[in-house]
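Below is one structure, written out as structure tokens; the observations come after it.
The values are calculated or read from the model by the stated rules, or taken from the named source; none is laboratory data. Every value quoted in this text rests on a predicted model; they were computed, and no experiment measured them. As a convention, Cβ positions derive from the backbone with ideal geometry for all residues, glycine included, and neighbour counts pool all protein chains shown.
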Amino acid sequence: MIKIRKVNTKKELKQFIQFYYDLYRSNNCAVPYLYSDEMATLRRDKNPSFECCEAEYFLAYKDGRVVGRVAAIINHRANERWNCKQVRFGWFDFVDDLEVSTALIKVVEDWGKTKGMTEIVGPLGFIDTDREGMLVDGFDELSTMYINYNYPYYPKHMEQMGGFGKDNDYLEYKVKIPEVVPEKFSKITEMVRRRYGLTVHKFTRKELVCEGWGHEVFRLLNATYKDLYGFSQLSDSQVDKLVNDYIKIADLNLITAIMDGNKMVGFGVTFSSFSKALQKTRDGHFLPFGWWHLLKILKWHKTNVVDLLLIGVLPEYRAKGANALIFDDLIRWFQRYGFEWAETGPQMETNEGVLSQWQYLESENHRRHRCYRKIIKE
């Protein structure tokens, strides 16, 4: 018999986080998430997303042991933006037992109904910068710390439950770093600089952290991502957390801004891949030796893979070719650091403008994530 219990204590929250590490410890493609990041995201007193979200977490037990987990989340800001009443499910992990996965989804549905929700969607996090989608293709590919990894039986369970349909698919690409910047990018870059006066800017730490340009990156993200699936505008406190979590520790050579005079019109934020380093940690902990593996990536880029985290260009500048300036600059830095491959973040399969830019590079669509949706019946 499956028993579902709501997470009420810090001890239970630790169990909720630990379940993923236990379930995937022997999997060579899964990447442990940083334990401290998971805790900070799920705690109401640490995550500024609770300004616009409410959530509950649930654990499934069978024969006295934890066999699954799920987060039930309502993002009120997103629901208002998209004029819907959706409860999200995220942090959805379970053993290969349909009774377990069904019970976890049901508790999210029931909780959502008590809040007046009419649809259940997911996997989704609190906001768009959290992990999204269920892996449905690419199970034998090494994952990253920024995306969900799951066993192949997960989507089979979604199909067997009934009522769920595809709501959105994300595609991720593995891109070969060229030895020479493609002529297409070079020509467009020169034309854009000459015709529109756009320039590449490399920020200092002081500019990003103390002078507000780090916040400007995420304000620009709000403008460029506003029409993407499920997106909700980031608040000042959410931006503060993102700047603190990412910008403060970034290698600034791997961040590129496109300027029109004193106005930022585009940006690219990339990081050396932490995937293999995280696999050497003890369940995503810095101690006892995890810090050393992560430091080698942060400081010395001891990896041949770079993660393309965030790229955004204002709509009116996309048509002018501003994207080419970002790639022209970043590819040169990737070459200097000896990166051989780049991993893109999730991109909507309908976003032809973004997907088309990989045609100028040797690339492969090697993973697909899916968000599901179901109408909640009374």
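Listed conditions (1) buried (at least 21 other Cβ atoms within 10 Å of the Cβ); (2) farther than 18 Å from VAL354 by Cα; (3) of a type outside the set (D, E, K, R); (4) touching a residue at least 60 places away in the same chain (Cβ under 8 Å) are all met by ALA324, apart from (2).
Of everything in region 116-153 that's more than 21 Å from ASP307 (Cα to Cα) and without any contact (Cβ under 8 Å) to a residue 60 or more places away in the chain, which residue is surrounded by the fewest Cβ atoms within 10 Å (Cβ to Cβ)? Applying the filter and picking the extreme gives GLY116. Checked against (1) touching a helix residue (DSSP H, G or I) at 6+ places or on another chain (Cβ under 8 Å); (2) modelled with pLDDT of 90 or more, LYS320 meets all criteria but (2).
Of all residues in region 349-377, those being more than 17 Å from the chain's Cα centre (by Cα), of a type in the set (A, V, I, L, M, F, W, C) and more than 28 Å from ALA319 (Cβ to Cβ) number 2. Does region 225-249 hold any residues that are in contact (Cβ under 8 Å) with a residue 40 or more places away in the chain and hydrophobic (A, V, I, L, M, F, W, C), and which are they? Listed by number, the residues that qualify are LEU228, PHE231, LEU234, LEU242, ILE249. Scanning region 172-210 for residues that are at pLDDT 90 or above, of a type outside the set (Val, Ile, Thr) and part of a loop (DSSP other than H, G, I, E, B) yields PRO178, GLU179, GLY197, LEU198, LYS202, PHE203. Residues in region 198-239 that are over 19 Å from the mean Cα position of the chain (by Cα) and among the basic types (Lys, Arg): LYS202, ARG205, LYS206. Among the residues of region 75-83, at least one is crowded, with 21+ Cβ neighbours inside 10 Å and either at positive phi or in a strand (DSSP E or B) (or both). All told, GLY116 meets the bar of being assigned to a loop (DSSP other than H, G, I, E, B), modelled with pLDDT of 95 or more and not basic (Lys, Arg). Restricting the search to region 41-79, which residues are within 27 Å of VAL95 (Cα to Cα) and among the hydrophobic types (A, V, I, L, M, F, W, C)? Within region 41-79, LEU42, ALA55, PHE58, LEU59, ALA60, VAL66, VAL67, VAL70, ALA71, ALA72, ILE73, ILE74 meet the criteria.
Taking first residues from region 41-52 that are basic (Lys, Arg) and partners that are not in a loop (DSSP other than H, G, I, E, B), the Cβ contacts under 7 Å between residues at least 6 apart in sequence or on separate chains come to ARG44/PHE50; LYS46/ALA40.
Looking across region 195-212, the residues that are surrounded by fewer than 20 Cβ atoms within 10 Å (Cβ to Cβ) and either under 24 Å from LEU34 (Cβ atoms) or hydrophobic (A, V, I, L, M, F, W, C) (or both) come down to VAL200, ARG205, VAL209, CYS210. Within region 276-317, being crowded, with 21+ Cβ neighbours inside 10 Å and either among the basic types (Lys, Arg) or within 24 Å of ASP22 (Cβ to Cβ) (or both) holds for ALA277, LEU278, THR281, GLY284.
For region 1-37, a residue qualifies if it is assigned to a loop (DSSP other than H, G, I, E, B) and among the small types (Gly, Ala, Ser), and the qualifying residues are SER26, ALA30. Would you check if there is a residue in region 342-365 being of a type in the set (D, E, K, R), touching a helix residue (DSSP H, G or I) at 6+ places or on another chain (Cβ under 7 Å) and either outside the structural domain of HIS201 (by TED's automatic domain parsing) or assigned to a loop (DSSP other than H, G, I, E, B) (or both)? No, there is no match, as no residue in region 342-365 is of a type in the set (D, E, K, R), touching a helix residue (DSSP H, G or I) at 6+ places or on another chain (Cβ under 7 Å) and either outside the structural domain of HIS201 (by TED's automatic domain parsing) or assigned to a loop (DSSP other than H, G, I, E, B) (or both). Summed over region 119-129, residues that are at pLDDT 95 or above and either over 18 Å from ILE375 (Cβ atoms) or part of a loop (DSSP other than H, G, I, E, B) (or both) total 4.
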